[in-house]
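J.: Just dropping this structure here.
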Amino acid sequence: MLNDVEIVVKLRVEARERAGEPIREAYSGVEQVSPQTSMLLEALPARSAVKYYSAESIQPAFLDQLRGELKKIDEALWPHEANAQALRYFIAASRVDGLESGIYELTPNGSKLIAIFAPGEGLGSMVLQPEFADAAAILLTVGSLRSALESRGAHGHRILLSRAGAACEYAWLTAIAAGYSASIFAGFLPSALRFKLGLDGFEASQLLALAVGHALNEGA
Ligand SMILES: Cc1cc2nc3c(=O)[nH]c(=O)nc-3n(C[C@H](O)[C@H](O)[C@H](O)COP(=O)(O)O)c2cc1C
């Protein structure tokens with residue numbers, strides 16, 4: 001299994017080296033990376049985000065993997081923040097095998113149904129860019145802006161966004177490993193967030209999202 005913490009640390013070390021900055025001691029033990037991580041680091045420059053999706057569905061195992069790992073990664077990278085205010089993860093599932101299409105919250109115990117899509121209702125009215133409405137599933141990361149600001153002011157907001165970035169990056173790598181395509185994007189429109197998920201944008205604020213599916217031209 002890919003060690004995401006190792007990857008993030010390694011990329012930070014490289015970025016600091018390039019910038020001529022001293023490498024903090026905490027990072028310095030990660031000079032040797034596992035073979036799997038090396039392969040991934042080699043593959044990263046050649047990968048690209050995919051924004052147009054076919055009608056093919058994805059497997060629920062993808063959600064199971066996210067459920068198990070997203071919290072662990074957040075706790076490993078930001079232990080203080082993750083304990084003080086956990087991120088929440090929602091999946092808007094249009095075409096996940098065996099799952100009624102709708103919006104679910106990923107919890108440690110399973111996928112909690114929040115809203116079922118009405119017949120014929122898709123993700124079209126929920127996103128700004130129509131191409132993302134064709135994704136088989138969309139992961140939404142949500143955190144408390146109120147809590148972040150109260151604890152560390154503007155820097156708390158930056159940390160919150162970094163945490164969401166790491167979650168989406170992990171989900172993206174997981175999608176690629178499962179043979180899917182994906183793209184990080186802004187996520188749901190504010191009206192859809194409020195109406196479908198009851199998110200007020202402050203106590204519960206959408207941070208970043210990932211669209212996942214099969215690329216439109218796959219196998220063409
Ligand atoms: C934080 C963040 C937010 C993004 N939001 C959007 C977005 O809302 N819409 C979009 O088309 N691309 C968005 N992108 C860009 C795509 O995810 C993708 O990175 C970009 O199209 C470049 O493709 P590449 O990653 O293959 O180089 C975002 C990227 C990041 C890092």
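Every number in this text was worked out from the coordinates using simple rules, so none of it is lab data. The structure presented is a predicted model; accordingly, all values stated were derived computationally and were not measured. Every residue, glycine among them, receives a Cβ derived from its backbone with ideal geometry; neighbour counts consider all protein chains shown.
J.: Could you give each residue of segment 103-109 its phi-based ³J(HN,Hα) in whole Hz, using Karplus coefficients 6.51, -1.76, 1.60 with θ = phi - 60°, and x for Gly or Pro?
T.: Working through the residues one at a time gives 10, 10, 9, 7, 10, x, 8 Hz.
J.: Taking trypsin sites (Lys or Arg not before Pro) as candidate sites, keep only those in a DSSP loop with at most 14 other Cβ atoms within 10 Å, then name the longest stretch of the chain containing none of them.
T.: The reported range is 48-220.
J.: With runs of 4+ DSSP H residues as the only contributors, calculate the mean residue ellipticity of the chain at 222 nm using -39,500 (n - 2.57) per run, divided by the residue total and rounded to the nearest 500.
T.: Taking each H run of at least 4 residues, the total per residue is -13000 deg cm²/dmol.
J.: Going by how many other Cβ atoms sit within 10 Å of their own, how do 173, 11 line up, fewest first? Write down the numbers at each step before the final one.
T.: On the way: 173 18, 11 13.
Arranged by neighbour count, lowest to highest, 173, 11 become 11, 173.
J.: Pick out, in residue order, every one of the GluC sites (Glu not before Pro) in segment 93-182 that is DSSP loop and has at most 10 other C-beta atoms within 10 Å; say none if there are none.
T.: 100
J.: Next up: How big is the dipole moment of the chain about its Cα centre under a simple scheme where the beta carbon of each Lys and Arg is +1, that of each Asp and Glu is -1, and everything else is neutral? Debye, nearest 20, please.
T.: Approximately 440 debye in magnitude.
J.: Here is a further query. If I take every Cα pair under 8 Å that is 6 or more residues apart in the chain, average their sequence separation and divide by the length, what percent do I get for the relative contact order? Before the final figure, lay out the partial values.
T.: Values: 364 pairs, mean separation 50.9, N = 220.
In percent, rounded to a whole number, it is 23.
J.: Taking θ = phi - 60°, what integer Hz values does the Karplus form 6.51 cos²θ - 1.76 cosθ + 1.60 yield along segment 111-124, in sequence order, with x for Gly and Pro?
T.: Each residue's phi maps through the Karplus curve to give 9, 8, 6, 9, 7, 8, 6, 5, x, x, 7, x, 8, x Hz.
J.: Collect residues whose amide H, placed 1.01 Å from N in the peptide plane, falls under 5 Å from the amide H of residue 205; neighbours closer than 5 in sequence don't count.
T.: 143, 144, 145
J.: Please list the equivalent ellipsoid semi-axes of the chain, computed as the square roots of five times the alpha-carbon gyration tensor eigenvalues, in descending order and whole angstrom.
T.: Its equivalent ellipsoid spans semi-axes of 29, 23, 15 Å.
J.: Compute for segment 96-176: radius of gyration divided by Kirkwood radius, i.e. Rg/Rh, restricted to C-alpha atoms, rounded to two decimals. Present the calculation step by step, with values, prior to reporting the outcome.
T.: Details: Rg = 15.3 Å, Rh = 14.9 Å.
Here Rg/Rh amounts to 1.03.
J.: Give me the extension gain from residue 118 to residue 105: residue separation times 0.36 nm, minus the current Cα-Cα distance, reported in nm with one decimal.
T.: Value of the extension gain: 2.9 nm.
J.: Pick out, in residue order, every one of the chymotrypsin sites (Phe, Trp or Tyr not before Pro) in segment 144-204 that is DSSP loop and has at most 13 other C-beta atoms within 10 Å; say none if there are none. Show your work: numbers first, answer last.
T.: Working: sites: 170, 172, 180, 185, 188, 195, 202; in loops: 180, 202.
The qualifying sites are 202.
J.: Scan around residue 185 for amide H atoms under 5 Å from its own, H built in the peptide plane at 1.01 Å from N, and keep only partners 5 or more places away or cross-chain.
T.: Here 209, 210, 211 satisfy the definition.
J.: Remind me, relative contact order of segment 90-217 in percent, using alpha carbon pairs under 8 angstrom and six or more residues apart?
T.: Computed value for segment 90-217: 28 percent relative contact order.
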